[in-house]
Amino acid sequence: MRPVSGRILACGGGGAFDSFLLGLAASRRPRVCFLPTAVADDPGSIVGFYERFVPLACDPYHVELFGIPDAPAERLASADVVWVSGGNTANMLAVWRVHGIDAALRAAWERGAVLGGSSAGANCWFEASVTDSFGAEFRPLDDGLGLLRGSFCPHYDGQELRRLVYTRLVADGALPPGVACDDAAAALYDGTELAEIVATSPGARAYRVTAAGEEPLPTRLLSA
């Protein structure tokens, strides 16, 4: 199997990572595709995406999957960067698979595109995660895209119950070991290997979580 050259930025939630994300792309003016599937193509989220990215050195566009989609998988083929919204992880994965977006994202990653997202937009890249997709109670989800090994937990410092449930699920073997990110922290993967943890707020951290407990990971604070 040929080596994978793409990168993935998995964000715990919030944080101003837009410029850092664009800097990971090979193109000086990357085409940035937004997938708002997890919020059912919410118009407000789409407007917010353009407000963030239009002022930057990139060409933003979005792909909708609700209503009557317009060749969504084919449109992903030209993306240098793909950004995925937060929202309902399980619903998003199901809709992606109906329209072949799962395969299109893997193809984009394998040709060197940068993939990223926050919360649900970070959960999706891993084999498994902890989610509230099925109700208010946090539960394990074990059918992620699997581009990255193990599990992921967002909002690690922002939702105390999520942290407690995630560490318990990993300790019990219901979820594989993984990485947890605070809000304003993100895990950057080069191919399938964790390259570094970055943060946009002092004190934001990430952790490697195993059955033995959690281990803080070195974190680089991005300049404003």
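The values are calculated or read from the model by the stated rules, or taken from the named source; none is laboratory data. Because the structure is predicted, anything quoted here is derived from the model rather than measured. All Cβ positions, glycine included, derive from the backbone under ideal geometry; neighbour counts span all protein chains shown. Heavy atoms of the whole protein, side chains included, go into the accessibility calculation; ligands, DNA and RNA do not. Shrake-Rupley method; radii C 1.70, N 1.55, O 1.52, S 1.80 Å.
Remarks
- Gaussian network model of the chain, springs between alpha carbon atoms under 10 Å - residue of LEU115, LEU24, LEU161 with greatest fluctuation: LEU161
- Top of SER133, SER19, SER85 by mean-square fluctuation, Gaussian network on the chain, Cα under 10 Å: SER19
- From the largest down, region 48-100 spans 33, 24, 19 angstrom on the principal axes of its Cα atoms.
- Pairs of alpha carbons in region 3-49 whose separation is greater than 11 Å (percent): 77
- Taking 0.36 nm per residue of separation and subtracting the Cα-Cα distance, full extension of the segment from ARG29 to SER223 would add 67.7 nm.
- For region 91-105, backbone phi angles converted through the Karplus equation (6.51, -1.76, 1.60; θ = phi - 60°) give residue-by-residue couplings of 4, 4, 4, 5, 5, 4, 5, 4, 9, x, 6, 4, 5, 5, 5 Hz, Gly and Pro being listed as x.
- Taken per residue, the accessible surface of region 58-201 reaches 37 Å², heavy atoms only and a 1.4 Å probe.
- log10 of Debye I(q)/I(0), alpha-carbon scatterers only, for region 1-102 at 0.22 Å⁻¹: -1.35
- By the Kirkwood approach, averaging reciprocal distances over each pair of separate Cα atoms, region 132-182 gets a hydrodynamic radius of 11.3 Å.
- Measuring nothing but protein heavy atoms, the accessible surface of region 57-206 at 1.4 Å probe radius is 50 percent carbon and sulfur.
- Using a probe of 1.4 Å, the accessible surface attributed to GLU51 totals some 130 Å² when neighbouring protein chains are kept in position.
- Scaling against 2.2 N^0.38 Å puts the C-alpha radius of gyration of region 38-168 at 1.06.
- Dipole magnitude of region 1-142 about its Cα centre (Cβ charges: Lys, Arg +1; Asp, Glu -1), debye to nearest 20: 540
- Average silhouette area of the chain, convex hull of alpha-carbon atoms, in square nanometres: 11.8
- Amide H contacts of GLY158 (H built 1.01 Å from N, in plane; Pro and chain starts excluded): ASP183 sit under 5 Å, all sequence-distant by 5 or more or on other chains.
- The C-alpha atoms of the chain define a longest principal axis, and helix 160-172 lies at about 70 degrees to it.
- Using θ = phi - 60° in the Karplus curve 6.51 cos²θ - 1.76 cosθ + 1.60, the 3J(HN,Hα) couplings for region 68-85 round to 10, x, 10, 6, x, 5, 5, 5, 5, 5, 9, 7, 8, 9, 10, 10, 10, 6 Hz; x is entered for Gly and Pro.
- Positive-end extreme of charge dipole, the chain - chosen from GLY158, LEU35, GLY135 (charges on Cβ): LEU35
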